[in-house]
Amino acid sequence: MANLLSGAFQKALGAAGSVIKAGTGLDVNDSLGKQFRNLAEAATTADYIKDFKHAQRMFGDNNMVLSPKHTGLFHVNIEFNPAFNPFTNEQQIEIGMLAKNVTLPGFNYSTEQLHAYNRKVNIQTKVDYNPITIEFHDDTGNTTKAFHELYLRHYYRDMDHENPVYDPSLSSYGNRTTDQWGYTGAQGAFIVRINVYSMSQKQFTHYVIENPLIQSFSHGKHDYSGEGFMSSSMVVMPEQIRYIGQGVVSSDQIRGFGTIHYDRTPSPLQSLGGRDTIIGKGGLFNTIGGIGDQIADGNFVGAALNAFRARETFKNADLKKTALRDITGLAKDVLRGNNTQGKFFFPSVSNLVDKFGSSQSGTVPSSEATGVQGASVASKNQASGNTREQRQAEQQNADTQTSLGQQSNIRTI
């Protein structure tokens, strides 16, 4: 289309140039005319008119390797000195999980400009690490408060004075449980390191903050006028920043990730044929039933895609081990009293017959056997498309008859 418009414009421009030259003697092929001609060519071609393909190719190519990361996909894990760690493994993981936001490492490079015979030369002298800020949820169980209290008790003796009523005179006179105040040092660091994991596209990047010391710790603010949530903020000064690397997101690779307080139940939105299970959601039985419904609805493309996905999923699967795992999972759910409705599928023979036809013979009944003469292909398709509607109507009629029968029995009694 653009080439067609450009050709028409060029013809019109040539005709106009001939008229102008004949009447005025001005040649439009001079410098001014050439500039006008180039502008016209640019305006009538598509070389400078682009769609969204640049952004799509920039961030979508190579499995979205250049797509930006999301701010909410991260995990924090704080490692404590085993000699002074009073937390259980679960409590230690929970402290990191309560982090609502964290600043990633920052660097300040000190440079200096020297003069060598009036020639300026830039040199580097040192690198400083920026403080790291972590904001925690102020939980009801006082997990973050207990964490800071233990840090304070580890380095400072102020918390050792546990008199029921504070007496200022005890600073100089009177009975005291200890004579020490303020910082007295410790035999080792309380926090060994802080691990920060940035996650995106099932990959993670690992930042390590070595031997951090708390610069400030502030609890939140109560406010009658607001309806927000309480939080505590901590600023730490790192002794060293390390880039460990990256890898695939898993509980084995990321400390404390996906081990507690995580929902491991498979999503109910799982695609048919996408899970290596026989009776579970998205598994073999569920896929067979779904393909039958799609065929009945005339969605042959969707049925074919689900069948192909199931074939790829179960191509190298050990069905015996898969069945044993499914049965074990079902038994555990039943023993624990968990709701198994919608999680497991056991198709009946009648349902399979309704969806895929008679199981006794693979042949189609003739027109003589059915008493139907000259049945058209369109009527057959319409009949197959109405199969589910007929079953639903028959079920409703059966329910209605059952209800009427129960009412008549009540009247008889």
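Here LEU305, LEU213 are placed in order of increasing Cβ neighbour count within 10 Å, fewest first, which gives LEU213, LEU305.
Rounded to the nearest 0.05, the FRET efficiency derived from the C-beta distance between LEU150 and ARG242 at R0 = 22 Å is 0.30.
Going by neighbour counts of Cβ atoms within 10 Å, the residues ILE244, ILE93 line up, fewest first, as ILE244, ILE93.
Within the range 63-87, name every residue whose backbone N is under 18 Å away from a label modeled 7 Å from Cα of GLN180 along the Cβ vector. 83-85, by backbone N distance to the label point.
With R₀ set to 45 Å, the beta-carbon distance separating MET58 from ASN85 gives a calculated FRET efficiency near 0.45. The coefficient of translational diffusion for the range 177-250, derived via Stokes-Einstein from the alpha carbon Kirkwood radius under 4 °C and 1.567 mPa s, stands at 81 µm²/s. Counting Lys +1, Arg +1, Asp -1, Glu -1, what net charge surrounds ILE93 among other residues with beta carbon under 13 Å of its beta carbon? So the surrounding residues net to -2.
What FRET efficiency, computed as 1/(1 + (r/R0)^6) with R0 = 45 Å and r the Cβ-Cβ distance, is obtained for LYS332 and ASN299, rounded to the nearest 0.05? Working from the Cβ atoms, E equals 0.80. Taking other C-beta atoms within 10 angstrom as a stand-in for reagent exposure, ASP139, ASP252, ASP263 fall in the order ASP263, ASP252, ASP139, fewest first.
Close amide H contacts of ASN101 (hydrogens built in the peptide plane, cut-off under 5 Å, sequence separation of 5 or more or a different chain): GLU135.
Since every read-out is calculated from the coordinates, none of them should be taken as a lab result. It should be emphasised that the depicted structure is a prediction, and the values quoted were computed from it without experimental measurement. Cβ sites come from the backbone with ideal geometry, for glycine too, and all protein chains shown count toward neighbours.
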